[in-house]
1. Being under 29 Å from the mean Cα position of the chain (by Cα) and within 18 Å of LEU285 (Cα to Cα) is the filter here; which residues of segment 11-52 pass it?
2. Taking segment 252-266 as the region of interest, how many residues are surrounded by 21 or more Cβ atoms within 10 Å (Cβ to Cβ) and at pLDDT below 90?
3. Determine, yes or no, whether LYS141 is loosely packed, with under 14 Cβ neighbours inside 10 Å, of a type outside the set (Gly, Ala, Ser) and either closer than 29 Å to ARG270 by Cα or touching a strand residue (DSSP E or B) at 6+ places or on another chain (Cβ under 7 Å) (or both).
4. Report yes if ARG32 is among the charged types (D, E, K, R), crowded, with 16+ Cβ neighbours inside 10 Å and touching a Lys or Arg at 6+ places or on another chain (Cβ under 9 Å), otherwise no.
5. Which condition number does ILE146 fail, the rest of (1) touching a strand residue (DSSP E or B) at 6+ places or on another chain (Cβ under 9 Å); (2) closer than 17 Å to ASP197 by Cα; (3) among the β-branched types (Val, Ile, Thr) being met?
6. Among the candidates PRO489, PRO424, PRO455, which residue alone is farther than 30 Å from VAL252 by Cα and at pLDDT 85 or above?
7. Quick check: is even one residue across segment 467-480 within 24 Å of LEU92 (Cα to Cα), surrounded by fewer than 15 Cβ atoms within 10 Å (Cβ to Cβ) and not polar (S, T, N, Q)?
8. Identify all residues within segment 35-50 that are crowded, with 17+ Cβ neighbours inside 10 Å and assigned to a helix (DSSP H, G or I); write none if there are none.
Amino acid sequence: MERPDASLIPTTPGVYLYKDALGKIIYVGKARNLRKRILSYFRPKEQLTPKTVAMIGHAVSLDTLNTTTEKEALLLEASLIKKHRPHYNIVLRDDKQYVLFRLSERDEFPRLEVVRKVRKRDGARYFGPFTSAQAARETWKSIHRIFPLRRCTDRAMKNRVRPCLYHHIGLCLAPCAGDVSREEYADMTRRVSLLLDGKSRELIDLLRGAMERAADDLDFERAAVLRDQIRAVEKTVERQGVVLHRGGDMDVIGVVTRPDGLALGMIFVRQGAVLDRSTFFWPGLGLEEADELILSFLSQFYGPHSAVPPRVVIPWIPGEKRAEDAERRTAECSGLEPIGMSAGEGGPDRLNAEGEDETEEKGILETLTSALSDLRGGPVYIAAPRNADENRLVDMAKSNAREAARSRADAPLSERLALVLRSPRPVSRIECVDVSHTGGQATKVGMVVYEDGKPRKDEYRVWNIEGAGGDDYAALAMWAERRLEHGAPWPDLLLIDGGRGQLASVYRVLYEGWPRTRGEENGLPFLVAGIAKARDERGHADRRAGNVADRIFTPGRSNPLNIREGSPELLFLQAVRDATHDFSIGRHRQARARLAFSGELQRLPGVGPGTAKLLWEHFASVADMKAATEEEIARLPGIGKKRAGRIRASLRGM
C-alpha cells in the first residue's frame, strides 16, 4: 500500500481500518492521534515487525472513524475486532462470558444464582469467575446441600402457598411458607458469603462455636447439623490453595513464547485463593507482538457484564524502554536466564524509531485503566508485579500457559480445519449450501454461515432458483452465478452438500466468473469443497444413523481427503451440512405449502393470481390471513371495501 497523504488524515482520536482488494477489513487499530499513528506504519521495513510488513503489503485502502475521546476509540476498536475478526489483529476467540455466582442480598430471603452477566448497581454480590460451567454448577449444588437456601424464583416464591419438594427432602428452609425467620435465614446467608469469599477458616470457626453452644444447650439435633456442615465445608472448600495470606482480589497474566506462537495464562485470585485459571494461544506470533497481545487481550476480555477485579497484574508494562528491556522480556517469556547484550544489538535507532509507539502504548494502558474502572464502578489498577507473591503468581500463570501450549489439544477449530483441509490460512468463516425441490418445483438453495464454530443465523440466506427443472447441478451453477453477484463478505470455506459432480458445477462457475468480476487471475481466494455421504458395500450412499465416515472432496482431486472417521473436524463439517440441509428443506416445504395454498386461494370468489400474491406479500401466514379484519384487507392495492368483505368471509369459511 502506498503512503497516504498526511493532510487527508485527521489528528483526532479514532479508529483506523486497513482493507484488502476485496474490501475486507484485515486490521483494526486505535490511536490518540490518527495521523501520527497511521504514518508510523510507513517507516522503513527494518523498523517494523514482520506482521506489520505483511499487513501493509496486503492492504490496498484505509478508512478512519473519528471519536471524541481515546476511551471511545478503545471501546470501538474492541467492538470492531469482535465483529469483523480481522486477519492481522490479535483476536480473542474465546470471548464467552464466564460463569458467576450471584447472591441477591437486597432480597428479604436471598437466592444464590448461576449467571454469566453482572447486572450493574443491583445490590447483589457476585463471586467468580469460573471457567467451567459444569464445575460451577457442581459447586452450586454442594453449597445448597450444606446451606439449604431457597431455589425458586421471586415470582414462584410469591405465588407459592405450601413448601415445595426441596423442603421435604431437607434442601430448603421454606421461607415461602414462613417456616424460617428472617434472622435465621440472614445468618445462613452470611455463612454462604464467607464460604464464597474463600474465608473458610473463619466460617469453620463460626460453625464450630455454634455447634459447641448448641451442645451446651443440649440441642443435639442442631449440633449434629452444624457438625455435618463443618465436615462438608472442609471437604469441598479447603482444596483451594491460598496464595496471598493477606487476601485480595486480582487477575494475574503471564505470557510465554513458543516456536509456533505466543501463549497467555490467566489466574483468577479471589480473597487470596486461586479460584480458577484459563489459557489462550495465538499461533504465528513472536515476542515483538507481546506488547500488543497484552493490550489487545485486556480490551477484549473484559466487557460490560464482566466481573472486574480491583487489580490486574501483567508481566510488564507495554511500551516501557522497549530496547533496554528486550533481553529481560525474552527471558521472562521463554523461562531462560537473561543473556548479556552487546552494544549495538539493543538498537538505539529502533528505540528512537518506535518512541511514538511506546508513548501510544502507555496512553492505551491509561485509557484501559480508566475504562475498566468505569466497568467496575471503582478504581482498577493495571500494574506489573510489585512483590515476591505477585511474581510467583505470574510464574504460575506462565507455567499454565506453557503446559497448555505444549499439549494443544484445544487448538482453535479454525486452525484444525485448515490442517485437515490443506488450507494455507485458518478456516474461520464457512458458507454451506444445499438444494431442495420436489420434482423441479419450488427449487430453493439454502445457505448457512458459521464463524469460529458458531452459526451466524442473521446471515442465513435462501435463493429461489427458476429454470433448473429438477437438475441439482444446474441449480447449483445458477446459484454460484448469483453468489458472485452478491459479493463480499467471502468465506474461508465454501462447502457444498454433494459429491464431485455438485462440487465441479459450482467451482467451474466461480473459477470462470471470478477474474471477470473481481479482476484476479490467480483462482479463488477461498477454499471450495464438497461433503458426500459414505458408500456402503454396494456403492450406495450410506444414510444410516450414526454414520461418521462422510467424505470431503476438493477440486482437482479424484479421491476424497484423508480425514479420520469420527474426528472432531469431520463431525463439525457434518453438523454444518446437516444444519444446511434442515434449513434448505424447511424453506422448500414452506414454499411448497404456500404454493399449494395459493391454488386454494385462487378458488375463492374474487381471488385470482394477483390477489393471492398480494395476500402473501402482506400476511406472513395463513393464520394471519384468517385473523385479518376487513379494513386490513381493504387497504391492499386494488381491493375495495366490498371485495374485502367477500374475501374475508371466504377466508373464514375455509
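The values are calculated or read from the model by the stated rules, or taken from the named source; none is laboratory data. The shown structure was predicted, so the numbers you read here are calculated from the model rather than taken from an experiment. Every residue, glycine as well, gets a Cβ built from its backbone with ideal geometry; the counts of neighbours run over all protein chains shown.
1. Correct list: ILE26, TYR27, VAL28, GLY29, THR49, PRO50, LYS51, THR52.
2. Here the count works out to 3.
3. Working: loosely packed, with under 14 Cβ neighbours inside 10 Å: yes; of a type outside the set (Gly, Ala, Ser): yes; either closer than 29 Å to ARG270 by Cα or touching a strand residue (DSSP E or B) at 6+ places or on another chain (Cβ under 7 Å) (or both): yes.
It is true that LYS141 is loosely packed, with under 14 Cβ neighbours inside 10 Å, of a type outside the set (Gly, Ala, Ser) and either closer than 29 Å to ARG270 by Cα or touching a strand residue (DSSP E or B) at 6+ places or on another chain (Cβ under 7 Å) (or both).
4. No.
5. (1)
6. PRO455
7. no
8. Passing the criteria: ARG35, ARG37, ILE38, SER40, TYR41.
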